[in-house]
Amino acid sequence: MKLRFKERIALYNLVAAAAIASLVFLVVYEVVFRTAFNHLDQDLRTEQEEVVRSLAFSGDSIVISKMAEWEEQEHQQEEVNPTFLQLVDNRGRLVFRSANLTADRFSYDPTVAKPKFFNTNLKDQLIRMGQFPVKNNTGKIVGQLSIGISRAESTVVLKNLRATLFVAFPLMLLVLYLAVSFAAAKSIAPVQELIRSTANISDTNINTRLSVPAHEDEVQQLAKAINDLLQRIENSFNREKQFTSDASHELRTPLTSIRGTLEVLVRKPRESAHYEEKIGHVIREVDKMQLLLDRLLQLARLESGAVLLGKEPVRLTAVLEGLKTKKQHELEAKKMGLHVQIPTNTEVMDDRTFLEILLSNLLGNAIKYGSDNGNIHCAWDEPARSLTISDDGPGIPAEHLPHLFNRLYRADASRTSQVPGSGLGLSIVQKIAHLEQIEISMKSEEGKGTAFTLRFQ
């Protein structure tokens, strides 16, 4: 059975209320029941005390010393709250029986050693019976006294109470269900409004935001959470659009250059040296596109979550010395020095392959954007378990710092920059750092250089 949220709230509240009401009604009935019969039992005890005071004992025999008490009018009548008396000795002989019991005799338990109360019937009357052991002056039980009084009034009271509770219970549940349904409908009205507003949002109006309720409650928190989600979606949507535009531009530029070169070559025959020069230019442009595509594929793999990491102890000095050898040509071209200031036994638990890619990208950026004849320092801080890669280049303007990890972002905005690159290196660095659980931070000042700090676990 499929129920709406409002109906489920009403149903759950109804079940809880039914359980609580049932418990309350049972307690009320039990209290009235015990009160009614305790009152009758107390009357029986009072009657027993009066009767016992009129008895005398001769050994094991019972002698009725005050017959007037035993022959009271209430012991003779059979209507209007009569009292029934019966006294038997230990041998089961009837010592006395009230006039209203002439044709009847109470059954009794000869083994009773303390007062016993129970319900029974006499003819058509409902009786509350009390059986009391009769003890002589030495404390020996010498007989059994049975006293009965009408329990008709108590039975009527309990019957009326049961009828009232049985009628009140479903009525109460019905009223409660209607009240809770109304309250639930009013309570979820803001949620339904959020649903309607959210359903109208698409990629064409992704900048739309939901109205936030004035009350500081869960609905307000939900509206704020949805608005935050919409903001993140809009930011992601805008980044994707910007990425598509940037990627198109990055690919269009070398393709345009290649097309222009080939068009010039086919216009007329040229010297072989000229062909070689133009073909070399085309190859370089193809290499740029190949680098961009490789980086895009690498980034896509990292973002897809399909990358499996293998944690192992990695010596940082070995990795950086290997990268220094690989980038020696680039360092020599700019006459830069790479200084590794790390103890030889320093190890981190990471995936060696991805750590090499991360450090290679950071070193590549430091070489590309560092100053000619400058220096790159790789320093290890053992207490903080952090590696800092810094250069003494021109630094990065403050307005560019928040965007450096965006895909295809170039701080030099010009697409004709003489600095080669795809604008994807730092995005890859950030993704790998996230996968490796490495905390990455950056600090840069114009004229003082840039430093990236990696904090390992």
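Nothing in this text is a laboratory measurement; each read-out follows from the coordinates by a stated rule. The structure displayed is predicted, hence computed values, not measured ones. So basically every Cβ, Gly included, is an ideal-geometry build from the backbone, and we count neighbours across all protein chains shown.
Of note:
- Rounded to 10°, Cα long-axis angle of helix 272-304 versus longest principal axis of the chain: 10
- For the pair residue 37 and residue 60, the difference between a 0.36 nm per residue extended length and the Cα-Cα distance amounts to 5.0 nm.
- Extended-chain gain in nm, criterion 0.36 nm per residue less alpha-carbon gap, residue 267 and residue 124: 38.5 nm
- The stretch between residue 441 and residue 5, if pulled fully straight at 0.36 nm per residue, gains 152.3 nm over its current Cα-Cα span.
- Signed unit charges on C-beta, dipole axis of the chain, positive-most listed residue 158, 14, 138: 14
- Centre-to-centre, using Cα atoms only, segment 134-187 and segment 421-456 are separated by 78 Å.
- Cβ-Cβ distance of residue 401 and residue 293, R₀ of 35 Å, FRET efficiency by 1/(1 + (r/R0)^6): the value works out to about 0.80.
- Anisotropy class of segment 91-139 from Cα gyration tensor, a/c 1.5 cut: oblate
- The lysines whose alpha-carbon is closer than 19 Å to the alpha-carbon of residue 186, local same-chain residues fewer than 8 away aside, are 6.
- Proximity of backbone amide H atoms, modeled 1.01 Å from N, is registered between residue 376 and 337, 338, 339 at under 5 Å, excluding neighbours fewer than 5 places apart on the same chain.
- Every helix of 4 or more DSSP H residues in the chain counts as -39500 (n - 2.57), and over all residues that averages to -18000 deg cm²/dmol at 222 nm.
- Separation of the residue 330 and residue 193 label points, Cα + 7 Å toward Cβ, nm: 5.7
- Degrees between helix 316-326 axis and first principal axis of the chain (Cα, 0 to 90, nearest 10): 30
- Note on the chain: with charges restricted to the Cβ of Lys and Arg (+1) and Asp and Glu (-1), its dipole about the Cα centre is near 920 debye.
- In segment 181-221, GluC sites (Glu not before Pro) in a DSSP loop with at most 16 other beta-carbon atoms within 10 Å: 216
- Crossing angle, helix 352-369 versus the chain [Cα axis fit, 0-90 degrees, rounded to tens]: 50
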